[in-house]
Amino acid sequence: MPPTMPEGDQAPVPRQGWWNRNWKWAVPLGCLGMLGSCFCVAAIAVGWGYSSFKDMGAYTDAIAEAQEDPHVQQALGGSFKPGFPSNTQVSSINGRTHAEFTVPLDGPKADGKLHAVADKNGEAWIFRTLYVQVEGGQRIDLLDTGEPSAEPPEPEVPHELEPEDAEPSEPPAQKKPGNDTDIEL
């Protein structure tokens, strides 16, 4: 007679597989590993973009102009540190490169922001806009060799608000008879 298998509590338990024994720590560790990998890839992409932007001629020229300007040095308190650029837009079409960016400047006396708009057609960058906006409201134009202005330039007066004795800059538009589109009630 063949031996019988013990039943009940004395029956041998079949051995579980690796996944059944280890899933409680493998799942969270796998999720954290994937999340960490995504974070590392994003950090590498941002670092590469930042380093390539800092090596761009428009950025280095703009920072050099701001560091050499005596008005900026006086307003920010001597030497300053440029921060992480924001609002950056760089595009290149048919050999012409256009760059717009804002760089925070951290000085010992005050903080400010360097705003720049530049174009490159060939070798040299040509700045269309380059100024430092100091935290207190002062705007220092780095393209102008004059004194820094305490407030933005005054807007032009519309033609309707000019004094009557002033000569008009353009002749008034002539109405054609029969083409009135306004309805008076």
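The values are calculated or read from the model by the stated rules, or taken from the named source; none is laboratory data. Here the structure is a predicted model, which means the values were calculated and not measured. As a convention, Cβ positions derive from the backbone with ideal geometry for all residues, glycine included, and neighbour counts pool all protein chains shown.
The condition of being modelled with pLDDT of 90 or more and closer than 20 Å to ARG128 by Cα holds for only one of THR97, THR102, THR88, THR60, that being THR102. The single condition among (1) within 18 Å of ASP144 (Cα to Cα); (2) not in a helix (DSSP H, G or I) that LEU105 does not satisfy is (1).
In the set (1) in contact (Cβ under 8 Å) with a residue 24 or more places away in the chain; (2) loosely packed, with under 12 Cβ neighbours inside 10 Å; (3) assigned to a strand (DSSP E or B); (4) among the small types (Gly, Ala, Ser), the condition left unmet by GLY112 is number (2).
Only residues that are assigned to a helix (DSSP H, G or I), within 15 Å of the chain's Cα centre (by Cα) and free of Cβ contacts under 8 Å to residues at least 60 places away in the same chain were counted across the range 28-85, and they come to 9. Selection of the range 14-27 for residues being within 44 Å of the chain's Cα centre (by Cα) and exposed (fewer than 10 other Cβ atoms within 10 Å of the Cβ) yields LYS24, TRP25.
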